[in-house]
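Some notes on the structure that comes next.
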There are 4 protein chains.
Amino acid sequence: MDADSRQARWEERVEGPLAVASLAFLAGYAVHVLAQGLAGGWRDFCLLVMLAAWVLFAADYAVRWRLSGQRLRFVRSHWLDGVVVLLPLLRPLRIVKLYETVQRRHGRPRLSLHARVITYAGVSTGLLGFAGALAVYQQERGAPGASMKTFGDALWWTCETLTTVGYGDVTPVTRGGRLIAVGMMACGMALLGAVTGSFSSWLIQVFSQEGDAQDGERPSGR
Amino acid sequence: MDADSRQARWEERVEGPLAVASLAFLAGYAVHVLAQGLAGGWRDFCLLVMLAAWVLFAADYAVRWRLSGQRLRFVRSHWLDGVVVLLPLLRPLRIVKLYETVQRRHGRPRLSLHARVITYAGVSTGLLGFAGALAVYQQERGAPGASMKTFGDALWWTCETLTTVGYGDVTPVTRGGRLIAVGMMACGMALLGAVTGSFSSWLIQVFSQEGDAQDGERPSGR
Amino acid sequence: MDADSRQARWEERVEGPLAVASLAFLAGYAVHVLAQGLAGGWRDFCLLVMLAAWVLFAADYAVRWRLSGQRLRFVRSHWLDGVVVLLPLLRPLRIVKLYETVQRRHGRPRLSLHARVITYAGVSTGLLGFAGALAVYQQERGAPGASMKTFGDALWWTCETLTTVGYGDVTPVTRGGRLIAVGMMACGMALLGAVTGSFSSWLIQVFSQEGDAQDGERPSGR
Amino acid sequence: MDADSRQARWEERVEGPLAVASLAFLAGYAVHVLAQGLAGGWRDFCLLVMLAAWVLFAADYAVRWRLSGQRLRFVRSHWLDGVVVLLPLLRPLRIVKLYETVQRRHGRPRLSLHARVITYAGVSTGLLGFAGALAVYQQERGAPGASMKTFGDALWWTCETLTTVGYGDVTPVTRGGRLIAVGMMACGMALLGAVTGSFSSWLIQVFSQEGDAQDGERPSGR
């Protein structure tokens, strides 16, 4: 109980700074990848920002492990947190959670479940797609025979992949790029599942309401 | 209450003319894009029709804002209407809503929920696909290295994209075309979600009916 | 009531012969398209079989229209039957319905709802895919620049399309082929919806059973 | 009853060894396909391992047929087991079932239904994708005009196919490869159905919980 409350207090306190650090990491990575013509000093500064953010993530993980009072079980039950420490580009996804906390703290009325799922899926996909496009572009840039020549191509390829359309006019050819691409395909599938699932559950809900009250046919808020 | 009723009266009165204006806008745009060999006078006339329709949309938005008695909250709660004013090609989608209103006014029996969802998804996709094909074709036509050479190609590419098949034999290569294409991919995903979701909820409904009455096994109307 | 019962008797009596005629039509079309090296007499015989089958379909439609005692309403409420008369290649799909009737008449225990949906979706997709592959192949064969060179290519393209994978190594290039292809993409979407929907409703059902009885965790028949 | 209990005892006893044999078969096949430069003796050893495993599968099928006391009905009601004997590469899929049995025997708390479905779908897809990539690669390797040149290409193609993205930069060109590919596309569709279906049923469950208790809004375990 005590460990839980101390952990909760810790999480509440560091959530804001860590979210800022996440965005700083993403921004630093973006500048590092895209701004090729930048002076060396600025590129070093970006690397420094990324390193600093990563140190913060690792420290947060260590503190929470300590506070939990658990040993290996912590690693297993918080494997997602471990993955995020190893792949800090996924970290900005937690902003979704922060947003919800802030909304609740300010007492704002929460969106309906389906609106929330669509919003979260959209924001997550946007952040993940941007990070993925950066990572794949870094791998592909300058590779022999690459069809992904500009960052615009990378973004276009990302949209193709996340919606599972897959024209194939732009495709990764390097081993690293393909590895990241497989992860993004899996995200595309999950996104499709989220969209389809919300639609399906929304319809079922509307239908059961129509069954209950024959005159209240129009779903509220549409 | 008063503002609401005045707003409802306004909407009822202008719905018909605005639907006609929407279709006129789409038709004007289609002629403008496709009829390249037309005399200059006719093309100017098309532009004029589009401009007039757009002025009507903007006026409708302004009047409804005024009637609502709200300030910035109106912009936020009616953001979809704002988007439609900025992208008038999306406007014909509201015909779906008009159709339902007309059906109800004439006292026609409404279709079942699943038939309605499929119908609306189909009509929306048709209108949106046509508008999108026109817009992408306008961007791509004459671009260096474009694989979309005729409007037939554009329509074929639209079908590929909306069903998320994506052969890749025809793909947009310009920045503008790709931007519109991303929007159409998102629509394809939503369409897939609507089809899958209706199927899923229809099955669940049939199943629960089979559970209730063992002899009433065949779903009605199929 | 009387019209209904006479109609039901008629349908019961002609169902079998019409199913045979449907398969004969499909077989005749297949031979006509694929057996290019056949002697002219055999090819004429195939055309004759197709014509005879089509006459049967049209006669059935006419008789049922007559028996219904309705005028234009029949065309509207039986529009699917009208489409099948115009596109007799879709006719074999009704075999699915015949199969169910036969099963019931023999008193065989019916499959579970989900097994039935999957079976019907599978058989329908198989028949439709075969008919579509034939039709597209007939359009594409010999077209300048066609990538679909053998019937094997056509079948491979059909599988790609129906599963919405869409590699794009084989694609239709003629107007007719693309028109049929759009219909098949729509079928692929419906198939995806059927598979996803059954899975979803099966899971929901299993879940509600798990909630009811904590120890009966394994779904029966798996 | 007696036949059932003897069958259950048999299955319990051979499950472990058969799972090991399944993995040995897969490993032997992988070495046989991938290690082209291996000395002839080792390759013969791989074939021997595969043959031995297959004999075990066939013997298990025969014994269970005998124990069932049934004749042809066994073949019909256990058609999946028959398929697995003919296509032993599909056999490792049964490991999923073994895993569950082991978990239950050790009294471990079982995962929630949705976590289980996702886990099973993931493991099944992984095993199936690996086996399929091997089988297709064996067909395509060295075929004239093949775009699948390394096993890495085969794995990349597998991921494209199972997620229904289908870029088309790598595609099978041989008859055998395409036949296996069609099976993998069907698996991709089923995987999509599983992911979407779990998401959908999870949302519906969360929604009904939200309806029941307004304050317990957050789904547990997220």
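The values are calculated or read from the model by the stated rules, or taken from the named source; none is laboratory data. The model shown is predicted, which means the values in this text are computed figures rather than measured ones. Don't worry about glycine lacking a Cβ; one is built from the backbone with ideal geometry, like all the others, and counts go over all protein chains shown. With ligands, DNA and RNA removed, areas are computed over all heavy atoms of the protein, side chains included. Shrake-Rupley method; radii C 1.70, N 1.55, O 1.52, S 1.80 Å.
Of the conditions (1) more than 22 Å from the chain's Cα centre (by Cα); (2) farther than 30 Å from residue D:140 by Cα; (3) surrounded by 14 or more Cβ atoms within 10 Å (Cβ to Cβ), residue D:5 clears all except one; give me its number. Against the list (1) more than 22 Å from the chain's Cα centre (by Cα); (2) farther than 30 Å from residue D:140 by Cα; (3) surrounded by 14 or more Cβ atoms within 10 Å (Cβ to Cβ), residue D:5 comes up short only on (3).
Scan (1) within 23 Å of residue D:154 (Cα to Cα); (2) more than 12 Å from chain D (Cβ to nearest Cβ); (3) open to solvent by less than 30 Å² (accessible area, probe 1.4 Å); (4) touching a Ser or Thr at 6+ places or on another chain (Cβ under 9 Å) for the single condition residue A:164 breaks and write down its number. Failed condition: (2).
Of all residues in region B:18-55, those satisfying the criterion of being in contact (Cβ under 8 Å) with a residue 24 or more places away in the chain and either under 25 Å from residue B:70 (Cα atoms) or open to solvent by 80 Å² or more (accessible area, probe 1.4 Å) (or both) are B:18, B:23, B:54. Only residues that are part of a helix (DSSP H, G or I) and among the polar types (S, T, N, Q) were counted across region B:35-87, and they come to 2.
Looking across region A:35-72 at every residue that is modelled with pLDDT of 85 or more and basic (Lys, Arg), the one that is farthest from residue A:20 (Cα to Cα) is identified as A:66. All of (1) in a helix (DSSP H, G or I); (2) closer than 18 Å to residue B:194 by Cβ hold for residue A:182 with one exception: (2). Taking region D:161-170 as the range and being in contact (Cβ under 8 Å) with a residue 12 or more places away in the chain and more than 18 Å from residue D:128 (Cα to Cα) as the test, the residues that pass are D:169, D:170. Picking from residues in region D:142-161 that are in a loop (DSSP other than H, G, I, E, B) and open to solvent by 30 Å² or more (accessible area, probe 1.4 Å), the one that is nearest to residue C:164 (Cα to Cα) is D:147.
Scanning region D:167-178 for residues that are at the interface with chain C (Cβ under 9 Å from one of its Cβ atoms) and either over 20 Å from residue D:150 (Cα atoms) or in a helix (DSSP H, G or I) (or both) gives D:175, D:178.
Within region D:88-100, the presence of a residue that is at pLDDT below 85 and not in a helix (DSSP H, G or I) is excluded. Among all residues of region B:127-148, there is at least one that is of a type in the set (S, T, N, Q), within 12 Å of another protein chain (Cβ to nearest Cβ) and touching a Pro at 6+ places or on another chain (Cβ under 9 Å).
Filtering region D:150-158 for residues that are touching a residue at least 60 places away in the same chain (Cβ under 8 Å) and more than 9 Å from chain C (Cβ to nearest Cβ) leaves a non-empty set. For residue B:211, are the conditions met, namely being surrounded by fewer than 24 Cβ atoms within 10 Å (Cβ to Cβ) and either β-branched (Val, Ile, Thr) or modelled with pLDDT under 90 (or both)? Against the criterion (surrounded by fewer than 24 Cβ atoms within 10 Å (Cβ to Cβ) and either β-branched (Val, Ile, Thr) or modelled with pLDDT under 90 (or both)), residue B:211 qualifies.
Here is the figure for region C:184-205: residues that are open to solvent by 10 Å² or more (accessible area, probe 1.4 Å) and over 18 Å from residue A:165 (Cα atoms) total 5.
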